[in-house]
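For reference, the structure discussed in these notes is given below.
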């Protein structure tokens, strides 16, 4: 049981490049989410999904895109990377679409945009 | 609006001291959940506790204890007899029943030997 996995662990991009951060969970969780962590700001929600085919925006969605074609996978796409997107990105999942359940986090992806 | 405040940015204690991490939250929802997560230097986020708004009983788990007071909108976390392995960033989070998580900014705890 791997839990929540994320790839890559580290990534360096040039401004304007695009890339996809991968996230997968093997716990059959309905709810998945993406956060970014910046110093002094805690974790901020980018996008979330309450099930396959259903996604919605969080607090800081601009510059990011998501899709959820399967229960297991929830990739995050950076459309045109900017230095302001330099951050640590965490994917998380929780049991069902009701809020209030604990979330389980992946190991994170450290992204640097130059 | 939902908000979580962790006023202590950084705390340093010497091993075996007790330490309390403060968490104050704001929500107009009557049903909500509160959480604490630990982020050690390795970077992963580890779930510690979940508490619902109708359960104000304090909880103790080993050296960890949590004090939930609805009257002051606080959910404080105490580590008794701290150890070097407790050094981490600790996040308090709020999740109203129909809304997403809101995290506080975190408190960095350093336990010195």
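Per this entry, residue B:79 is counted among residues that are away from every other protein chain (no Cβ under 14 Å), at pLDDT 95 or above and touching a helix residue (DSSP H, G or I) at 6+ places or on another chain (Cβ under 6 Å).
Within this structure, residue A:47 passes the test of being within 14 Å of another protein chain (Cβ to nearest Cβ) and in a strand (DSSP E or B). For residue A:41, state whether it is in contact (Cβ under 8 Å) with a residue 12 or more places away in the chain and under 21 Å from residue B:43 (Cβ atoms). When the stated conditions are applied, residue A:41 does not pass them.
Of the residues that make up the range B:42-54, is at least one exposed (fewer than 12 other Cβ atoms within 10 Å of the Cβ) and either assigned to a strand (DSSP E or B) or away from chain A (no Cβ under 12 Å) (or both)? Scanning the range B:42-54, I find no residue that is exposed (fewer than 12 other Cβ atoms within 10 Å of the Cβ) and either assigned to a strand (DSSP E or B) or away from chain A (no Cβ under 12 Å) (or both), so the answer is no. Do the conditions hold for residue A:110, that is, is it under 10 Å from the mean Cα position of the chain (by Cα) and either at pLDDT 95 or above or within 22 Å of residue B:91 (Cβ to Cβ) (or both)? No, not satisfied. Scanning the range B:1-33 for residues that are assigned to a strand (DSSP E or B), at pLDDT 95 or above and within 13 Å of another protein chain (Cβ to nearest Cβ) turns up B:4, B:5, B:10, B:25. Number of residues in the range B:82-112 that are modelled with pLDDT under 95 and surrounded by fewer than 16 Cβ atoms within 10 Å (Cβ to Cβ) equals 3. The requirement of being assigned to a loop (DSSP other than H, G, I, E, B) and within 13 Å of the chain's Cα centre (by Cα) is fulfilled somewhere in the range A:2-24, by at least one residue.
State yes or no: is residue A:77 away from chain B (no Cβ under 14 Å) and either assigned to a loop (DSSP other than H, G, I, E, B) or more than 11 Å from the chain's Cα centre (by Cα) (or both)? Spelling it out, it is not the case that residue A:77 is away from chain B (no Cβ under 14 Å) and either assigned to a loop (DSSP other than H, G, I, E, B) or more than 11 Å from the chain's Cα centre (by Cα) (or both). Evaluating residue A:111 against the criteria (1) part of a loop (DSSP other than H, G, I, E, B); (2) surrounded by 14 or more Cβ atoms within 10 Å (Cβ to Cβ); (3) away from chain B (no Cβ under 12 Å) leaves one unmet condition, (1).
Conditions tested, residue by residue: (1) within 29 Å of residue B:98 (Cβ to Cβ); (2) away from chain B (no Cβ under 14 Å); (3) surrounded by 14 or more Cβ atoms within 10 Å (Cβ to Cβ); (4) out of contact with any helix residue (DSSP H, G or I) (no Cβ under 8 Å at 6 or more places or on another chain).
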position	(1), (2), (3), (4)
A:33	yes, no, yes, yes
A:39	no, no, no, yes
A:43	yes, no, yes, yes
A:57	yes, no, no, yes
A:67	yes, yes, yes, yes
A:73	yes, yes, yes, yes
A:85	no, yes, yes, yes
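Check whether at least one residue in the range A:96-107 is touching a strand residue (DSSP E or B) at 6+ places or on another chain (Cβ under 8 Å), part of a strand (DSSP E or B) and surrounded by fewer than 16 Cβ atoms within 10 Å (Cβ to Cβ), and report yes or no. No, the range A:96-107 contains no residue that is touching a strand residue (DSSP E or B) at 6+ places or on another chain (Cβ under 8 Å), part of a strand (DSSP E or B) and surrounded by fewer than 16 Cβ atoms within 10 Å (Cβ to Cβ). Per this entry, residue B:67 is counted among residues that are more than 11 Å from chain A (Cβ to nearest Cβ) and under 20 Å from residue B:7 (Cα atoms). Annotation: residue A:29 fulfils all but one of (1) surrounded by fewer than 17 Cβ atoms within 10 Å (Cβ to Cβ); (2) part of a loop (DSSP other than H, G, I, E, B); the unmet one is (1).
The values are calculated or read from the model by the stated rules, or taken from the named source; none is laboratory data. What you are looking at is a predicted structure, and each value in this text was computed from that prediction instead of being measured. Note that each Cβ is placed from the backbone with ideal geometry, even for glycine, and that neighbours are counted across all protein chains shown.
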